[in-house]
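Structure record follows, encoded as structure tokens.
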Amino acid sequence: MNSEIRKDHRAEEMSFFGSLAQRLLHGDIGSLPVLLGLILIALVFQIANPNFLTPLNLTNLLVQITAVGTIAVGVVLVLLIGEIDLSIGSVSGLTAAIMAVISVKADMPGWMAIVACILSGALIGLIQGWWIAKLHVPSFVVTLAGFLGWQGALLYVLGSTGTVNLSDPLIVGISNSRLPVLAGWIISIFFIAGFTFFQVREQTRRVRIGVPNQTRAILIGRAALISIAILVVVGVMSVDRNPSHTVPIVGVPSAVIFLIGFILIFDYTTQRTKFGRYIYAVGGNAEAARRAGINVDRIKIIVFILSSVMAACGGILAGSRLYAVNQSSGSGDVLLNAIAAAVIGGTSLFGGRGNIWSALLGALVIGSIANGMDLLALASSIRFIVTGGVLLIAVTLDAYTRARRELTGSS
């Protein structure tokens with residue numbers, strides 16, 4: 001009996017490594033390069049500065065990437081349909097300015113200002129999406145025009161004041177409040193349980209319909225890694241991040257909860273719903289999707305609306321964290337970092353391949369590079385050079401894996 005169990009175990013291990021080798025051969029490397037890159041970045045900066053992996057710095061890093069990570073979620077959706085949105089930075093700044101003016105100058109409640117911000121983003125996305133889908137103008141041109149036009153609208157909305165300081169408790173609390181330690185642990189446990197449940201249910205469904213399935217070792221390994229990662233992150237944030245203060249600074253920042261919430265919502269949407277399947281179909285081959293009865297124009301319009309809404313949510317998080325909105329909100333490297341995050345995280349520039357979690361992974365890579373170089377007091381020029389190099393490597397890997405899939409006939 002024991003020998004049979006050992007044989008089954010060895011067979012499963014061989015199946016696991018054989019499956020992994022086959023995926024690598026076909027160019028299906030998934031998020032492996034990003035994860036390895038994150039580990040390498042952490043090791044390098046920790047050796048260079050022991051403060052990099054401290055609870056305080058890691059928590060600050062996660063809070064710093066929430067705005068760009070949120071905007072990158074929208075970028076992933078647009079890239080999945082094979083389009084590009086260059087207006088996201090300007091849209092985040094403009095919508096945040098609308099929120100600030102309504103809250104401060106019009107003295108309206110914070111929730112009304114937030115709703116106006118999100119609705120403004122949806123309207124902008126509707127205009128741009130309609131222009132792209134119905135008038136057949138390339139998304140590059142339409143959103144480049146939006147990049148310029150919405151930046152001008154931002155300056156107009158702010159007016160001569162230039163900067164609007166936020167004071168509404170609801171708005172500033174979005175990024176600057178923290179969950180109680182117990183609440184953080186409860187949420188993490190529920191997330192682990194939910195993830196495990198969906199994995200088992202998907203496994204059962206695939207077995208029932210006779211679809212090729214992953215080995216038990218892969219499922220257990222993935223669940224274990226994700227569970228450990230979640231518990232480590234919550235554990236780090238549950239430690240007093242500044243013992244010199246008389247009042248402990250503990251708990252998961254609310255901004256991180258919002259980012260993870262957006263990722264979970266859109267990951268479920270893209271992976272588990274008909275709309276999500278349509279997104280991948282349009283990105284894989286728009287003409288084939290049209291012939292299959294999919295309303296391609298509608299999918300494109302909705303995706304661009306969602307992209308601008310996520311840009312607006314990113315603007316809210318950025319304004320909340322800084323307690324202000326000004327003329328430079330959404331400018332600088334916000335656009336490039338959001339697009340780079342999506343691509344570095346593993347979303348294909350050619351459409352039809354990728355997932356929402358790549359927004360988080362890519363934002364972590366970019367944020368870690370920026371944070372580590374700030375700790376080392378290196379010039380911004382070096383950070384831009386390194387980030388550009390990482391982006392080039394990510395796009396090269398994307399092109400290579402796409403060529404391998406075409407060569408081997410993989411989907």
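A single member of G315, G362 is farther than 30 Å from N165 by Cβ, buried (at least 24 other Cβ atoms within 10 Å of the Cβ) and in contact (Cβ under 8 Å) with a residue 40 or more places away in the chain, and it is G362. Within segment 184-206, being more than 17 Å from L62 (Cα to Cα) and in contact (Cβ under 8 Å) with a residue 24 or more places away in the chain holds for W185, I187, F191, I192, F195, T196, Q199. Test R205 against the stated conditions and say whether it is basic (K, R) and closer than 29 Å to T66 by Cα. No, not satisfied.
Identification of helices (runs of 4 or more DSSP H) wholly contained in segment 320-411 with 1 or more residues that are of a type in the set (D, E) yields 357-375, 380-408. Exactly one residue out of A100, A96, A48 is over 22 Å from the mean Cα position of the chain (by Cα) and within 26 Å of G362 (Cα to Cα): that is A48.
The residue that is nearest to A223 (Cα to Cα), among those in segment 179-193 that are crowded, with 16+ Cβ neighbours inside 10 Å and under 22 Å from the mean Cα position of the chain (by Cα), is I192.
I'd like to check something: does segment 244-251 contain any residue that is buried (at least 19 other Cβ atoms within 10 Å of the Cβ) and either under 23 Å from P180 (Cα atoms) or modelled with pLDDT under 90 (or both)? Yes: one or more hits. Can you tell me which residue in segment 148-173 is nearest to L322 (Cα to Cα), limited to those that are part of a helix (DSSP H, G or I) and polar (S, T, N, Q)? Among those that are part of a helix (DSSP H, G or I) and polar (S, T, N, Q), it is T161. With respect to (1) modelled with pLDDT of 90 or more; (2) closer than 19 Å to G362 by Cα; (3) crowded, with 17+ Cβ neighbours inside 10 Å, the lone exception for V34 is condition (1). Scanning segment 365-382 for residues that are in contact (Cβ under 8 Å) with a residue 12 or more places away in the chain and farther than 30 Å from R272 by Cα turns up S368, I369, A370, N371, G372, M373, L375, L376. Among the numbered conditions (1) crowded, with 24+ Cβ neighbours inside 10 Å; (2) under 30 Å from W111 (Cα atoms); (3) within 18 Å of the chain's Cα centre (by Cα), the only one that A340 does not meet is (2).
Each row is one residue, and each column tells you yes or no for (1) of a type in the set (A, V, I, L, M, F, W, C); (2) modelled with pLDDT under 90; (3) over 21 Å from A363 (Cα atoms).
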{"residue": "I263", "(1), (2), (3)": "yes, no, no"}
{"residue": "F266", "(1), (2), (3)": "yes, no, no"}
{"residue": "T270", "(1), (2), (3)": "no, no, no"}
{"residue": "Y278", "(1), (2), (3)": "no, no, yes"}
{"residue": "A286", "(1), (2), (3)": "yes, no, yes"}
{"residue": "L306", "(1), (2), (3)": "yes, no, no"}
{"residue": "L322", "(1), (2), (3)": "yes, no, no"}
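Among (1) at pLDDT 95 or above; (2) in a helix (DSSP H, G or I); (3) buried (at least 16 other Cβ atoms within 10 Å of the Cβ), where does A145 come up short? So the condition that A145 fails would be (3).
Here's the yes/no breakdown for (1) part of a helix (DSSP H, G or I); (2) more than 19 Å from G93 (Cβ to Cβ); (3) touching a Ser or Thr at 6+ places or on another chain (Cβ under 7 Å); (4) hydrophobic (A, V, I, L, M, F, W, C):
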residue: G125; (1), (2), (3), (4): yes, no, yes, no
residue: Q128; (1), (2), (3), (4): yes, no, yes, no
residue: F140; (1), (2), (3), (4): yes, yes, no, yes
residue: S175; (1), (2), (3), (4): yes, no, yes, no
residue: Q203; (1), (2), (3), (4): yes, yes, no, no
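I'd like to know if segment 193-212 contains one or more residues that are among the hydroxyl-bearing types (S, T, Y) and under 28 Å from A318 (Cα atoms). Checking segment 193-212: not a single residue is among the hydroxyl-bearing types (S, T, Y) and under 28 Å from A318 (Cα atoms). In summary, helices (runs of 4 or more DSSP H) completely within segment 222-291 and bearing 1 or more residues that are hydroxyl-bearing (S, T, Y) and more than 19 Å from A359 (Cβ to Cβ) occur at 274-284.
The values are calculated or read from the model by the stated rules, or taken from the named source; none is laboratory data. Keep in mind the model is a prediction, meaning the values are calculated, not measured. For neighbour counting, all protein chains shown are included, and Cβ atoms are generated from backbone atoms with ideal geometry for every residue, glycine included.
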